[in-house]
Structures are given as structure tokens and as C-alpha cells.
Amino acid sequence: MNNMEEKNTIGHWYRFKSVYMFMLSFVTALSLTIILKEPGFTDSQIYVIFLLFFSIGLWLSEAIPAFAVSLFIIAYLVFALGNSYFNSAPENIEKYGQTFSSSMIWLLLGGFFLAAAMTKTKLDQALFKYTLKLSGTNPRHLLIGLMGTTMIASMLMSNTATTSMIIAAILPLLTALGKKSGIAKALLLGIPLAAATGGIGTIIGTPPNAIGAGALKSAGIIIEFIDWMKFGIPVSFALTAIGCIALISIYIKDTTPISLDFLEDNKVGSNEESMLKRKIVTAVIFVTVGLWLTTSLHGLTVASICAVPLVILTVTGVLDGKDIQGLPWDTLLLVAGGLSLGLALEQTGLLNHYAQMLISLNLNSMVLIFVFAYLTMLFSNIMSNTAASTVMIPMGMAILPDMKLEVAMVIAISASTAMFLPVSTPPNAIAFSTGLLEQKDFRLGGILVGLLGPLLAIIWVMLVS
């Protein structure tokens with residue numbers, strides 16, 4: 001079989017698998033809807049409960065891209081709930097189609113603009129290079145420095161972009177060290193771990209945070225940028241530190257200095273125009289983050305502050321049309337669809353219906369929070385953490401109406417503690433793609449963060465709240 005025939009065979013297999021998983025998800029969702037349907041359910045409730053299971057099936061099976069599932073959710077809600085031909089009591093469906101203009105979407109978009117500007121002006125590389133020079137050639141210090149930089153960078157920019165940047169920059173070092181090197185394994189496992197835990201720290205760090213803040217806002221609870229940091233940053237630092245200590249103790253036995261000659265091949269541009277743009281980006285970052293941290297003083301909302309990077313970075317020419325086209329719009333679509341699904345579950349009364357059933361069981365509130373935290377972590381290992389938090393956050397808030405803040409924060413944080421498999425997070429996948437790791441290498445971080453992360457989240461959130 002030649003290469004072309006082999007590619008065609010693989011292509012046919014993936015298409016068959018996608019169609020099969022799509023149909024399986026449909027049949028499963030339809031069966032569950034029939035089983036769970038109750039005589040008193042309205043047409044809207046029946047449609048939404050089917051949509052819930054069908055969406056989960058598509059997210060789990062990856063029969064179609066995750067963002068495509070979100071687009072399907074919005075279109076489905078508009079046609080099924082607002083059309084008199086399909087629904088005996090049609091609803092006003094504008095709210096389901098307007099989630100793309102949600103304040104959480106604008107907040108994430110502001111973060112994407114900052115990340116793109118840092119990458120284009122190579123400000124991220126400059127920061128990375130400075131970190132390496134500070135950490136020195138001691139392998140342990142190098143791991144600490146890289147994990148610290150990754151964690152902090154992931155609070156402001158995509159953890160996927162952060163991981164890509166740092167691994168690409170040290171790839172010559174990793175290649176020189178080789179597949180059997182403990183130092184190389186420690187670095188390749190530590191960077192995605194710090195990227196995932198770093199995203200916990202801020203509202204814009206990862207989509208589940210934005211979904212949690214959005215759900216709370218819908219419930220009348222406003223979480224400012226600095227409020228989230230009070231909950232997220234201590235957990236982020238603790239998990240990163242624990243992971244770093246574990247990696248050092250297992251993989252870095254030898255403290256012989258390593259060469260940083262590869263830095264010479266990674267020079268950052270220093271022409272006058274590049275320096276000017278870098279200064280503009282630095283100023284925008286300081287102004288934007290400063291305004292985010294002081295919302296209680298000036299009264300501007302976190303989302304409205306995102307006008308600063310959106311306007312200044314485009315007006316000054318730091319970002320052009322091609323840069324804007326290259327932003328991760330699929331992530332924004334994914335979040336928008338998730339918000340629409342959560343809104344539909346709430347507006348149709350389904351969440352309240354099943355919440356009342358669970359409340360009648362008189363289960364302990366803390367037991368329920370533990371269940372939601374660890375279920376979210378488990379689901380996020382095998383499906384998008386955005387999708388997992390989309391389902392779990394509204395459900396948890398409905399079941400524990402007196403602990404909405406605590407539930408939303410715990411679930412959102414727990415969604416970022418899933419890293420047991422190479423496919424659990426994009427940072428894991430990037431590290432695995434180097435060919436220097438085996439699937440079993442992720443078990444340490446996966447078990448450690450997966451077990452401790454939700455627990456630390458619960459303890460800290462309960463203490464702070």
C-alpha cells in the first residue's frame with residue numbers, strides 16, 4: 001500500500017468513526033431523554049434534556065469539533081424553543097443567541113489580544129530568556145524558574161500558547177538531553193502542569209473561570225478580577241509548588257550544571273520599531289491589569305476594561321488584520337455555546353427540577369461539593385474542561401442555592417486539575433508531541449494534581465468565602 005492509499009484509508013476510517021460516534025451520541029441521548037422524560041415536562045424541557053445528553057456525547061466522543069458542538073447548541077435552541085411548529089409554547093429565544101456578546105466573551109477576548117501582542121513583539125520570549133538567566137544552570141533552579149514563568153504567563157495568556165512558546169524555546173536543550181534524561185522529563189511534565197494550574201489564578205486564565213464568573217453574574221453575584229485572584233492564586237501557587245517538588249524528588253537527582261548555549265540561537269529582535277511596539281504592549285499590560293485590580297475604586301467593569309487592549313493594540317498597529325484572524329475564535333464560540341446551554345437548563349426549569357429531587361435526599365452540603373469537584377475533575381480528563389464546567393456549574397448552583405459562590409468557584413478550579421492523560425489538556429498534548437514522553441509519564445502529575453487540586457480548592461474557597 002503506497003502513502004496515498006494509506007492516507008485515504010486512514011481518512012475513510014476517521015470519517016466512519018466520526019459518523020458512528022455522532023449516531024451513537026444521538027441514539028444514546030434520545031434513549032436517555034425517553035427514560036428521564038416525565039409527564040409534566042414541557043416541550044422546551046424535553047428538547048433541552050435531549051440537547052444536554054447529545055452535547056455531552058459529542059464532546060466526549062469528539063465526533064465533531066468542540067466549537068461546532070457549541071454552534072449546534074445555539075442553533076438548536078433557537079429553532080427548537082422559539083418555533084411554534086416544534087414547540088407548543090414557543091419562547092423568546094434572543095437570550096440564547098446573544099451569549100457571544102456576553103461580558104465573559106469580551107473578557108476572554110481582551111486576554112487573547114494581550115497574548116497575541118506579547119507573542120508578536122516577542123515580549124514573551126524576552127521574559128522567558130530573562131527567567132532562564134535568573135534561574136542559572138542548576139537543573140532544579142531551572143525547573144523552578146520555568147514552572148514559575150509558565151504559571152504566571154498562563155494567568156494572562158492562553159496556557160496552550162504559553163506551553164508552545166516555552167517548549168519550543170527549550171527544545172534544543174531537551175533534544176540534547178535525550179529521551180532518557182530525568183531533567184528533560186521533569187521539564188516536559190512541569191511546564192504543562194504549571195500552565196494548567198497557572199490558569200486557575202485569574203478570570204481570563206482559562207475558559208472554565210469565565211464560565212463560573214458568568215454563571216455567578218447571572219445569579220446576581222459579581223466577581224471582580226481581584227476577587228477571583230484571592231480564590232485562585234493561592235491554589236495555583238500551591239499546586240505548582242507541590243508538582244515542582246514532586247518532579248525534583250523523582251527526576252532530578254543530579255545537580256550538575258547544564259549548558260544554556262541554545263539561548264544564543266533564540267535572539268529577540270531589537271530594532272527600533274520592535275522596541276517601540278514592545279513598550280506599547282508593556283504599557284497596555286500594566287494599565288489593563290492595574291485597572292482590573294482596582295475596579296472597586298473606579299467602578300469600571302472587568303469586561304469594559306478590555307477596551308484598553310482591544311483599541312490601543314489595533315490603533316497603534318501592534319496587531320493587524322492577520323493577527324486578529326489568528327486569534328482562537330473557536331474557544332470563544334465554545335464558551336458562548338456553553339453559556340447558552342447553561343442558560344437553557346436554568347430558564348426551562350430543568351436544573352431546579354433535578355435540584356429539588358437531590359435536595360429532598362437531605363445530602364450533606366459539603367459531601368455534594370466534594371462530589372461535584374471530583375466529578376468535574378474526572379470529566380475534564382476525558383472531555384473539554386470548558387464543556388465539563390458548562391454542565392456542572394449551573395447544576396451545582398441549582399442544587400446548593402445557598403452556596404452558589406462556593407460551588408461555582410470550586411467546580412471552575414477543579415476543571416483545571418485534570419491532567420492524567422496526554423489528551424486531558426492541550427499543554428499535555430504539546431509536551432507529548434515532542435516524542436520525549438510516554439503516556440505513563442503523565443500519571444504522576446495526573447494523580448497528584450487530580451487528587452489534591454479539588455481538595456485544596458474546597459478548603460481554600462470555604463476559608464476565603
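What to note about this one:
- Among the residues of the stretch 26-68, those that are within 20 Å of F79 (Cβ to Cβ) and of a type in the set (F, W, Y) comprise F26, F41, Y47, F50, F53, F54, F67.
- Of everything listed in (1) among the small types (G, A, S); (2) in contact with a Pro (Cβ under 9 Å, 6 or more places away or on another chain); (3) modelled with pLDDT of 90 or more, the single unmet condition for S44 is (3).
- Any chance A418 is modelled with pLDDT under 85 and either of a type in the set (D, E) or closer than 13 Å to Y374 by Cα (or both): no
- Within the stretch 60-100, the set of residues being under 21 Å from the mean Cα position of the chain (by Cα) and either polar (S, T, N, Q) or not in a helix (DSSP H, G or I) (or both) comprises S61, E62, A63, I64, P65, S70, T99.
- Those helices (runs of 4 or more DSSP H) lying entirely in the stretch 109-205 with at least 3 residues over 21 Å from R443 (Cβ atoms) and of a type outside the set (K, R): 123-135, 139-153, 159-177
- Residues satisfying the stated conditions in the stretch 378-389, i.e. assigned to a helix (DSSP H, G or I) and in contact (Cβ under 8 Å) with a residue 40 or more places away in the chain: L378, S380, N381, I382, N385, T386, A387, A388, S389
- Helices (runs of 4 or more DSSP H) completely within the stretch 282-377 that count 2 or more residues being at pLDDT 80 or above: 302-305, 307-315, 321-325, 329-347
- Taking residues in the stretch 390-415 that are free of Cβ contacts under 8 Å to residues at least 60 places away in the same chain and crowded, with 23+ Cβ neighbours inside 10 Å, and partners anywhere that are hydroxyl-bearing (S, T, Y) and assigned to a helix (DSSP H, G or I), the pairs with Cβ atoms closer than 7 Å and at least 6 places apart or on different chains are M392/T376; S414/T376.
- The requirement of being among the β-branched types (V, I, T), closer than 30 Å to Q347 by Cα and at pLDDT below 90 is satisfied by I204.
- Residue in the stretch 333-346 that is surrounded by fewer than 20 Cβ atoms within 10 Å (Cβ to Cβ) and touching a residue at least 60 places away in the same chain (Cβ under 8 Å) present: yes
- Verdict on L114 being surrounded by 19 or more Cβ atoms within 10 Å (Cβ to Cβ), more than 26 Å from T255 (Cα to Cα), assigned by TED's automatic domain parsing to the domain that holds K277 and in contact with a Pro (Cβ under 8 Å, 6 or more places away or on another chain): yes
The values are calculated or read from the model by the stated rules, or taken from the named source; none is laboratory data. Please read all numbers here as calculations on a predicted model, not as lab measurements. Note that we place each Cβ from the backbone using ideal geometry, even for glycine, and neighbour counts take in every protein chain shown.
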